[in-house]
Amino acid sequence: MIPNAQACNIQHQRFWLLPQKAIYWQKRKTLLVADLHIGKSGHFRKNGIAVPKEVNQSNLENLSHLISQTETEHLVILGDLFHSDINSEWQQFVDWRKDYHALEVSLVIGNHDILEKNNYHAGRINLFKKMVIDPFLLVHDLNELEETASVENYILSGHIHPAVQLRGRGRQSMKLPCFYFSQQYGILPAFGGFTGTYVIEPNQDDRVYIIADSEILSANNINN
Amino acid sequence: MSSKGHQKIEHWFTEQGWEPFDYQRQVWEAYLSGKNGLLNAPTGSGKTYALWMPVLINWINEHPETYKELADNGLQLLWITPLRALARDIEQALQQVVDDLEIPWQVARRTGDISSHKKQKLKEQMPEALITTPESLHIMMAQEGYPGYFENLDSVVADEWHELLGSKRGTQTELGLSRLKHLRPHLNIWGISATIGNLQEAQDVLLGADASNENAEIIKADVEKKLEARSVLPDDVEKFPWSGHLGTKLLPKVLPIIEESRSTLIFCNTRSQSEIWFQRLLEAKPELAGTIALHHGSLSKEIRRWVEQSLHEGKLKAVVCTSSLDLGVDFAPVETVVQVGSPKGVARFLQRAGRSGHQPGSTSTIHFVPTNALELIEAAALKTAATQKIALESRDPILKPYDVLIQYLITLGISDGFEPEHLYKEIKSTFAYQTLNEKEWSWILDFITTGGQSLSSYDEYSKVIDEDGIYKVVDKKIIRRHRMSIGTIASDTMMRVKYLNGGYLGSIEEWFIASLNTGDTFWFAGRSLELVRTKEMTAYVRRANTSKAKVPSWMGGRMSLSSNMSALLRHKMHEAIEGSTDDIELKTIQPILDVQADWSTLPDEDELVIEKTISDEGHHLFFYPFEGRYVHEGMSALVAYRISQLTPITFSIAMNDYGFELLSDKEIPIEEALENDLFSDANLIEDIFSSLNDTELAKRRFRGICQIAGLIFQGFPGQKKASRHLQSSSGLFFDVFDQYEPDNLLLQQAYDEVLSYQLDEVRLRKALRRIQSQQITLKQTERFTPFAFPIMVDRLRERLSSESLVDRVQRMQLQLEEHV
């Protein structure tokens, strides 16, 4: 198992929150990640902006690490798997994929996922607009959901790259990425290495888990 | 000397009822004998004629019979100016002379703000004299076949060179000149500079590392003006604020100054301060409406033009302005200058004072308005400096900025391409890049050709390609993006402010507009406006009737006290302690100095005072080295870092020109730190680098570098979306380079810039040596002293920590939304 994984119960399901910014759902042998933005460094480089290309490699290495340390059979990506138009880093992903014959990979399409269908087929990826794995509804951007109150399932989503602002005495403050769970929905941090964050302002009843380097801390337990 | 050209020009002067100054004639002769050089002359002294006339004399002498007929002669003179706003005045002055002499020459501008139609016309037929900015020169060099523009070029003048010298735009100018010198080996190069501490160096930078000194001359214009500096003093200093930067408290005392003078310039240090002063002046004296105006760099050129014109014509009683009116032609009706808040340096104070009093024999008058009590000490220092001609500050040139070089290489790559070996020699001939070594050069070539890394199968990096030894950029999108970004040396994304019916008012930083809702009112261009809607990069507004409105604050570097000023300041403190002063300013502030002495102690010239206080916020330490903000930035990071090596601790750091504060939630072991040689200058660089890793300084510096080197792209005007997938913050770039490519030269540049320009390593080391020889006094105080208070209230803070992230998080609190 992954060191420093933090257990967390959502809808009576035990989730392991991982400091690598992923969720391992043990019962279903499912690894949940959001916002990988594979190909982002390639997109920049192709346009003459010299981002180090190791960024992409390290995203894939992190994914390999998590899969090898868990019993993942199903990798579910909550959108923004690939950053933009096709570039060779997609092939890098497809090549990586070849090492995992038995692994099932599903993608809930995000706003950045604009590749042709056959590219996804080449990577043996199941595509979903939204996806239900009871008791959850998986989407990319929960604000894109139609305002139907009929959503009965608890929603898990990505898209906003959540982070929280912490403050302490002596005018200290810092911004750290987090997992966020309200009564109706949860938001995963961005998995990709070359992605920014957006500061959210949680309510008191919300559960927030902060990623501090290689540890996960429940914000509800710290100094409150 | 009486050539035909001379006669014509002397005759022209006589017709104007003028006599050329000696220095003007000196410049003519030096120029005509083929020399390059630097003219040291203040604004409004006829410096334009000093360099325009010899060009014409030369032309007339070369074509004595035909000079009135020869038209379309190609570009003869390139006139580089730092400010677009100045270009028009110069254009008019130059054009007037050739018209009077019936020389059929064209004078034109090529700056960012002329129409593309006009730019197209320039392309077809170059004028004989072209006025341009460093950026626009580079934009010309980004066009295919650009050498054709310059095939007749004889001379280049870099106007207001002191303004460009200490900036990356100066480096841009150096690079542009190195190219032009290669195209035209006999090019005459002249600079015009106000008085600064390093005129010789200014000339060396302009002429390049390959220039010979024998062929160059510095000519000083001996046109001294008398100067009178006065301070506006508060009646009751005990009620005068200890901190703050607006200064409107003394506004009632500025009204009579405006009243008594024909025309007054009121200089503010920031654009928001100028908006507020303008508004408050109108409130205090509504009958001023229509006779006072506002002038700053974010207003539209139409508005600025109108203000300048009205000033010339004597229609305005006062203009509230910023550095936007520091330079340029003189406004004859201006009799008085008011400086609100510390100008931070003697040179700037004198420059501004010089904007008044232009009648022959008249005196320049400047009134200093302190914005808080401690600025009274600065007032005393400034007056001493201004009247005793204390040595002026130097403008240090920027050395070897890799970002500017990368931008330049792409510029040449998108026009005609370049041969690396050949260009390397040319670049090394500049002052800025004379120490550029082969290793750095090949790293830069790699960076633009392969993206700085060895190619792998998954890599599709493309920017500059090698076409038979010629390095070129062929990708149309990259070419377009680069052309757009040449002009953007460090500016935030700006939004245009327009009336609904189309009238253009100026521009404001995007983040300010983003903080407003539709219907909100804000002050801009001296009027209160209601935000109606925003569309793409334009905010549409209408006039609002309320005076309750937000004032935009523009981000801008905070200036730091110059080293000359800080030395003077320490000396003034000493005089105040000794009681040997005659300065009215120091006498006025005495009650506050008494409070400081009573609650703590007054820092003497040879003493470093440290105050220790506890408040609800935690444990505070205040240090008062009086070295200026920049040195304090470095010293505070250094001191915080050294203390943090004694015990795991986290600091929040604030600073101003007088001192700095370390604040922690834990007790700070200052006594132990002092015993351990806290202010030693041994291991300075190592310790500073370690402290930089723990603060945001280098990261912030990286922002500008990213922009210039073309990593951050702000998008095409009006179509931001097309490049959405190429948007990233400089902070992210910093992190990925730091992680995967720590020896990236741009990253190294960020650290170097922090070290040499921001923290000013040389000054920092000097300051530390000074402190080591001084007495250190540690005082426990009950409350925040008059010196501590202004630092304590500063919200702009650095952080430094030696604790683990997890330990810190444990003691923090999540910011929760108000529970609904």
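Bear in mind these aren't lab numbers, they're just calculated from the coordinates by the rules spelled out. These numbers come from a predicted model, not from an experiment. As a convention, Cβ positions derive from the backbone with ideal geometry for all residues, glycine included, and neighbour counts pool all protein chains shown.
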- Task: Measure off 7 Å from each Cα along the Cα-to-Cβ vector at residue B:647 and residue B:615, then give the distance between these two points in nanometres to one decimal.
- Result: 2.1
- Query: Counting Lys +1, Arg +1, Asp -1, Glu -1, what net charge surrounds residue B:77 among other residues with beta carbon under 9 Å of its beta carbon?
  - Reply: -2
- If r is the Cβ-Cβ distance from residue B:230 to residue B:309 and R0 is 22 Å, what FRET efficiency results, to the nearest 0.05? 0.15
- Placing +1 at every Lys and Arg Cβ and -1 at every Asp and Glu Cβ, with all other atoms neutral, what dipole size does chain B have around its Cα centre, in debye to the nearest 20? 2780
- Along the charge dipole of segment A:6-159, Cβ charges K/R +1 and D/E -1, which of A:131, A:58, A:84 sits furthest on the positive end? A:58
- Task: Please work out how much length the chain gains when fully extended from residue A:73 to residue A:199, using 0.36 nm per residue of separation minus the C-alpha to C-alpha distance, in nm with one decimal.
- Result: 42.1 nm
- Which residues qualify? For residue A:75, with a placed amide H closer than 5 Å and at least 5 residues away or on another chain, they are A:31, A:104, A:105, A:106
- Separation of the residue B:595 and residue B:804 label points, Cα + 7 Å toward Cβ, nm: 4.6
- Note on the structure: Measuring from its Cα centre, segment B:402-485 shows a charge dipole (+1 at each Lys and Arg Cβ, -1 at each Asp and Glu Cβ) which, in debye to the nearest 20, is 440
- Label residue A:183 and residue A:4 with points 7 Å out from Cα along Cα→Cβ: what is the distance between them in nm? 3.3
- Helix A:54-69 sits off the longest principal axis of the Cα atoms of chain A, rounded to the nearest 10 on a 0 to 90 degree scale, by 70
- Message: I'd like to know which of B:312, B:183, B:414 lies farthest towards the positive end of the charge dipole of chain B, counting +1 on Cβ of Lys and Arg and -1 on Cβ of Asp and Glu.
- Response: B:312
- Item | Degrees between helix A:88-97 axis and first principal axis of chain A (Cα, 0 to 90, nearest 10) | 80
- Item | FRET efficiency, 1/(1 + (r/R0)^6) with R0 56 Å, evaluated for residue B:362 and residue A:104 via beta carbons | 0.05
- Segment residue B:332-residue B:739, length gained on full extension (0.36 nm per residue, minus Cα span): 140.7 nm
- Message: I'd like the distance separating the alpha-carbon centroids of segment B:167-240 and segment B:296-310, in whole Å.
- Response: 26
- Message: Quick check: convex hull over the Cα atoms of segment B:32-165, volume per residue in Å³, rounded to an integer?
- Response: 116
- Task: Take the Cβ-Cβ distance between residue A:119 and residue B:121 as r, set R0 to 45 Å, and report the resulting FRET efficiency rounded to the nearest 0.05.
- Result: 0.40
- Where GluC sites (Glu not before Pro) fall in DSSP loop in segment B:77-156, at most 15 other Cβ within 10 Å: B:102, B:144, B:151
- Give a quick list of GluC sites (Glu not before Pro) in segment B:165-272 that DSSP marks as loop, anything other than H, G, I, E or B, with at most 15 other Cβ atoms within 10 Å. B:214, B:224
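For segment A:101-175, which trypsin sites (Lys or Arg not before Pro) are both in a DSSP coil and crowded by at most 10 other Cβ atoms within 10 Å?
Those satisfying the criteria are A:129.
Work out the length of the dipole vector of segment A:81-205 about its Cα centre, built from +1 on the beta-carbon of each Lys and Arg and -1 on the beta-carbon of each Asp and Glu, and round it to the nearest 20 debye.
In debye, rounded to 20, segment A:81-205 gives about 560.
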